[in-house]
Amino acid sequence: MKLVTIAKPGKYTLGVKTERGIIDIEEALREQAADFPVPQEVMAVIEGGQAAVEALDSYVASLKSEDASYVHNEANIALGPCVSQPNKIICVGLNYRKHAEETNAPIPEYPILFNKFNNALAGHGQDIVIPKVTRRLDYEAELVIVIGKTTKNVAKEHALEHVFGYACANDLSARDLQKRTVQWLLGKSCDGFCPLGPYLVTADETGDPNTLAIRTIVNGEVRQHSNTSDMIFACDEIVSYVSAHMTLVPGDIILTGTPEGVVIDMPKERRVYLQPGDEVTIEIEKLGSLTNRFIEEN
């Protein structure tokens, strides 16, 4: 199942992507009530787990949605971040082997963790403001793990059983702010620096998260082109490692690192950072394409 967050004035509601279009669950329930509880927000689906997914799937299957008013062309609706209220946004740095080699950095012995905050969340199609405080805004295509169960000290062999699904993200990074001190936080957590979506794809539909093609396209030019199989720490290792240090809860998201090809690691004469008017698309196999345009701060 592919879930979306529909952005409406003052609130987010739940949508489900189908071959017919995006079904707005709130609008559908007004026209066709259900005989059982149906979640109406993405966080409720994540927290409800398999039972919530099955209830939502049954309800969608029952809808006679040809020409229905609650079925929308995806291009005509505004989307919010596909996980709207994560308790934690955890990021893994330097987690692709070729990226580490590109930077002449040693291969990490342990996952390098840092975080973002909810102010960084943005949706597919949303304009991202380039803050005046940076002149070196960079893109980073990343696979996102979305936690589906309360998780503490989970063994690697069982870690993926605790994953609800996966999504695309752009770990936007203001390199001048990131490098200002030894702490990366400032360069990673400006407003809108974590576009997420367009879809939250359930784990069963995604399959093996460690064999997915991943790309970044800037103004039509492919800048990053890799596969999650190049990750140093695979998804199960990451979830297990993080859960040994903190309790993960449903809706927590983990950005798993970026491949080679970011601006900062290009030869100096080729470094052109993101500018107003640029359009960046993050593509991950089975998870869709996340596109954002960048604008100047007023």
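The values are calculated or read from the model by the stated rules, or taken from the named source; none is laboratory data. Here the structure is a predicted model, which means the values were calculated and not measured. Using ideal geometry, Cβ is built from the backbone for each residue, glycine included, and neighbour counts are taken over all protein chains shown.
Test Leu248 against the stated conditions and say whether it is over 23 Å from Gly125 (Cα atoms) and without any contact (Cβ under 8 Å) to a residue 60 or more places away in the chain. For Leu248, the condition - over 23 Å from Gly125 (Cα atoms) and without any contact (Cβ under 8 Å) to a residue 60 or more places away in the chain - is not met.
Okay, residues lined up against (1) closer than 18 Å to Trp184 by Cα; (2) out of contact with any strand residue (DSSP E or B) (no Cβ under 9 Å at 6 or more places or on another chain); (3) among the acidic types (Asp, Glu):
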site: Ala55; (1), (2), (3): no, yes, no
site: Ser58; (1), (2), (3): no, yes, no
site: Ala68; (1), (2), (3): no, no, no
site: Lys88; (1), (2), (3): yes, no, no
site: Gly93; (1), (2), (3): yes, no, no
site: Asn104; (1), (2), (3): no, yes, no
site: Leu113; (1), (2), (3): yes, no, no
site: Phe117; (1), (2), (3): yes, no, no
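Within the stretch 1-29, if we keep just the residues that are of a type in the set (Gly, Ala, Ser) and surrounded by 15 or more Cβ atoms within 10 Å (Cβ to Cβ), the residue that is nearest to Glu41 (Cα to Cα) turns out to be Gly15.
Restricting the stretch 135-154 to residues that are buried (at least 22 other Cβ atoms within 10 Å of the Cβ) and farther than 22 Å from Ser226 by Cβ leaves a set whose member that is nearest to the chain's Cα centre (by Cα) is Ile147.
Of all residues in the stretch 111-129, those being assigned to a strand (DSSP E or B) and either among the basic types (Lys, Arg) or touching a Ser or Thr at 6+ places or on another chain (Cβ under 7 Å) (or both) number 1.
Applying the set (1) in contact with a helix residue (DSSP H, G or I) (Cβ under 9 Å, 6 or more places away or on another chain); (2) over 25 Å from Ile77 (Cβ atoms); (3) part of a loop (DSSP other than H, G, I, E, B) to Thr181 leaves exactly one unmet item: (1). Filtering Lys17, Lys88 for residues that are basic (Lys, Arg) and either at positive phi or not assigned by TED's automatic domain parsing to the domain that holds Thr228 (or both) leaves a single hit, Lys17. Scanning the stretch 1-18 for residues that are outside any strand (DSSP E or B) and in contact (Cβ under 8 Å) with a residue 12 or more places away in the chain turns up just one, Met1. Residue check: Glu260 meets all listed conditions (1) closer than 24 Å to Gly125 by Cβ; (2) in contact (Cβ under 8 Å) with a residue 60 or more places away in the chain; (3) not hydrophobic (A, V, I, L, M, F, W, C) but one, namely (1).
For the stretch 30-37, check the following and say yes or no: at least one residue is crowded, with 16+ Cβ neighbours inside 10 Å and either touching a Phe, Trp or Tyr at 6+ places or on another chain (Cβ under 9 Å) or in the same structural domain as Leu287 (by TED's automatic domain parsing) (or both). Among the residues of the stretch 30-37, not one is crowded, with 16+ Cβ neighbours inside 10 Å and either touching a Phe, Trp or Tyr at 6+ places or on another chain (Cβ under 9 Å) or in the same structural domain as Leu287 (by TED's automatic domain parsing) (or both), which makes the answer no. Out of everything in the stretch 21-52 that is outside any helix (DSSP H, G or I), of a type in the set (D, E, K, R) and closer than 17 Å to Thr5 by Cα, what residue ends up being farthest from the chain's Cα centre (by Cα)? Taking the candidates together, the pick is Asp24.
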